[in-house]
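To start, the structure itself, in structure tokens.
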Amino acid sequence: MKLYYTKRSPYGRKARIMALEKKIALELVEVDLANKPENLYQANPLGKIPVLELADGRTLCDSPLICEYLDGLSPEPKFLAQELRQRLVTLNLAAIADGLMDVTIAAYMEKQRHTQDFHQRFVQLQEETIQRCLAFFDQQVQELEPMNLASVGVISAIGYIQFRVASLWNPKAYSRLASWYEKQMRRPSFQSTIPG
């Protein structure tokens, strides 16, 4: 299987972590998003990453679907519970983690595209959302303790915040989350996928 990704993408990082944790071999195809190749558009007409190309040529687009597929390939470790209530809790937290990535990218890209005259109110709103989400996850550490899809999403989101808007990551303000994050970052799958 091939994974189209970039080392900077928090969404691609989620898929890479899942594959590493489950010992699933992936051929990694790094994509230049400023000069997207035709094969990326063939795999996903949106031209977005990550994309997982299966052995039979079919493709799966978007990290939640890719992660769910990878989770189903081997029984252990399990990242999504079969029991409905716990599965919904994990999927809900994972969706919020994906949204945290979305707003972080939006804030960063606005400043990149318009370095001198970026939309200050827009950036402020994104930054407030980032802080609100971090405060939310600080209260959800118990649900993140067992390694699951939400844990992977939150790790990827925080890693991207540290990479792109480091001033917004204040461990003292989110002490439970910061302690959990520091402990989780000892895992080889998290260390080897740090964006850069």
Practice task
Kindly provide the helix-only [θ] at 222 nm of the chain, computed as the sum of -39,500 (n - 2.57) over DSSP H runs of four or more divided by all residues, to the nearest 500 deg cm²/dmol?
Solution key: -18000 deg cm²/dmol
Fill in the blank from the handout: Using alpha carbon positions and the Kirkwood radius, the Rg to Rh ratio of region 1-92 is 0.99
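What is the sum of charges around SER192, taking Lys and Arg as +1, Asp and Glu as -1, for the other residues whose C-beta is under 13 Å from the C-beta of SER192? Intermediate values should be presented prior to the final figure.
Values: positive: LYS7, ARG13, ARG16, ARG186, ARG187; negative: GLU21.
Summing Lys/Arg as +1 and Asp/Glu as -1 gives +4.
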Completion exercise
In the chain, lysine pairs 8 or more places apart or on different chains with C-alpha atoms under 24 Å apart total 27
Problem - Order by protection proxy (mean Cβ within 10 Å, highest first), peptides 66-74, 12-20, 178-186 - result: 12-20, 66-74, 178-186
Fill in the blank from the handout: Computed on Cα atoms, the radius of gyration and Dmax of region 35-87 in angstrom are 13.8, 43
Exercise for the section: Please give the length that would be gained between LYS2 and GLU76 if that part of the chain were fully extended, namely 0.36 nm times their separation in residues minus their C-alpha to C-alpha distance (nm, one decimal). Expected result: 24.5 nm
Exercise for the section: Take peptides 158-167, 27-36, 94-103 and line them up by average Cβ neighbours within 10 Å, highest first, as a rough protection proxy. Expected result: 94-103, 158-167, 27-36
Exercise for the section: Take the Cα pairs of region 84-189, get the Kirkwood Rh, then feed it into Stokes-Einstein at 37 °C and 0.692 mPa s and tell me D in µm²/s. Expected result: 230 µm²/s
Handout entry: Cα principal axis extents for the chain, largest first, Å
Key = 47, 40, 28
Completion exercise
Given unit charges at Cβ for Lys, Arg (+) and Asp, Glu (-), the dipole magnitude of the chain about its Cα centre in debye, nearest 20, is 380 debye
Exercise for the section: Would you be so kind as to identify all helices of the chain, as entire DSSP H runs, whose Cα atoms reach 30 Å or more along the helix's own axis and whose mean Kyte-Doolittle hydropathy is at least 0.0? Expected result: 84-113
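Every number in this text was worked out from the coordinates using simple rules, so none of it is lab data. Quick caveat, the model's predicted, so the values are computed rather than measured. As a convention, Cβ positions derive from the backbone with ideal geometry for all residues, glycine included, and neighbour counts pool all protein chains shown.
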